1. Only one of S89, S60 is hydroxyl-bearing (S, T, Y) and farther than 28 Å from E234 by Cβ; which?
2. Which of the residues spanning region 153-183 are aromatic (F, W, Y) and outside any helix (DSSP H, G or I)?
3. Residue by residue through region 1-25, note down the ones that are without any contact (Cβ under 8 Å) to a residue 40 or more places away in the chain, of a type in the set (A, V, I, L, M, F, W, C) and over 21 Å from L244 (Cα atoms).
4. Can you find, within region 120-146, the residue that is farthest from the ligand (Cβ to nearest atom) among those that are touching a Phe, Trp or Tyr at 6+ places or on another chain (Cβ under 9 Å) and closer than 24 Å to V49 by Cα?
5. Among the residues of region 2-52, how many are of a type in the set (S, T, Y) and more than 16 Å from the ligand (Cβ to nearest atom)?
6. Please verify whether I239 is touching a residue at least 12 places away in the same chain (Cβ under 8 Å) and farther than 26 Å from Y8 by Cα, treating the condition exactly as stated.
7. Hey, among L163, L111, L157, which residue is within 16 Å of the ligand (Cβ to nearest atom) and either polar (S, T, N, Q) or under 16 Å from F227 (Cα atoms) (or both)?
8. Residues that are over 24 Å from Q228 (Cβ atoms), out of contact with any His (no Cβ under 7 Å at 6 or more places or on another chain), surrounded by fewer than 23 Cβ atoms within 10 Å (Cβ to Cβ) and not hydroxyl-bearing (S, T, Y): does region 68-84 have at least one?
Amino acid sequence: MKHIQAKYEDGVLTLSMTRAEKKNALTQEMYLTLALALEDAGQDDSVRVVVLRGTPTVFSSGNDIQDFADDGSGKEKLASVRFMKAVTSLQKPMVAAVCGYAVGIGATVLLHCDYVVASEDARIRFPFVDLGLCPEFGSTLLLPALVGQQKASEWMLLGSFVLAGEAQKAGLANRVLPNDMVFEEAESIARALAKKPPAALAATRQLLKAASRELVEARIQKERDIFQTLRSTEDAQSIFNSFLSRAR
Ligand code: COA
């Protein structure tokens, strides 16, 4: 699969984003591949845990900005919607291994993971306001619930990079380790989870998320509606185009 690699071992499915030359910016094709893999993992009893990772240099720079630039259709990109649904519907633990940048949906996906291992050089950013957009993936609900209202406002309104230590202190990362230990640690956590009784693990996970499940789904929808409107504004389109022309 182009730009996504899947590896299965001992109950653990590891999904790696491998478009490092573009900082693992997610295309619709990548979203679809990830969504299909997660949907299959949900149906496959041999998969107990999913690990999501990037390369040793970057987790993900988020949605491919080319995708946000107006194609004239004004249409929503459905593969990203399907990916979000696949993540929120997965009834199995998800462990994130974050090396380097985690930006945009590369940051908001972490709020849906059950365990996050980050490298000392990890840099997490919610850049939506600076792009003329609003945050997505239920993050306007999940981030303040996790790190507190003031911290979430700071991170989302100012959009500065959050360093690994601060992310851990605020509760967004469980562990921070030297870069070369991150994948190993994530796999070891995943293998430990894979050995737990699956029904008890699934039930506990479901209970942990029960209070917020419906609220998260409703918020994802609300954010999506606002995001779609903002995406086609002149402000946002000129920000995307200046990022893209800088890239050429
Ligand atoms: N969409 C499309 N292309 C992207 C991208 C994205 N989200 N993020 C990075 N790229 C591309 C760059 O355009 C560049 O392409 P080029 O080599 O053809 O010029 C390449 O990836 C490397 O990125 P670069 O910006 O040179 O790397 P950096 O190390 O200086 O900075 C980031 C890394 C992640 C801080 C920076 O790329 C960035 O801010 N990206 C945009 C993040 C973002 O706003 N995402 C949208 C979330 S909603």
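The values are calculated or read from the model by the stated rules, or taken from the named source; none is laboratory data. All figures in this text were calculated on a predicted structure; none of them were measured in a lab. Cβ placement follows ideal geometry from the backbone for every residue including glycine, while neighbour counts extend to all protein chains displayed.
1. S89
2. F161
3. M1, I4, A6, L13, L15
4. L143
5. Adding up the residues that qualify gives 5.
6. yes
7. L157
8. no
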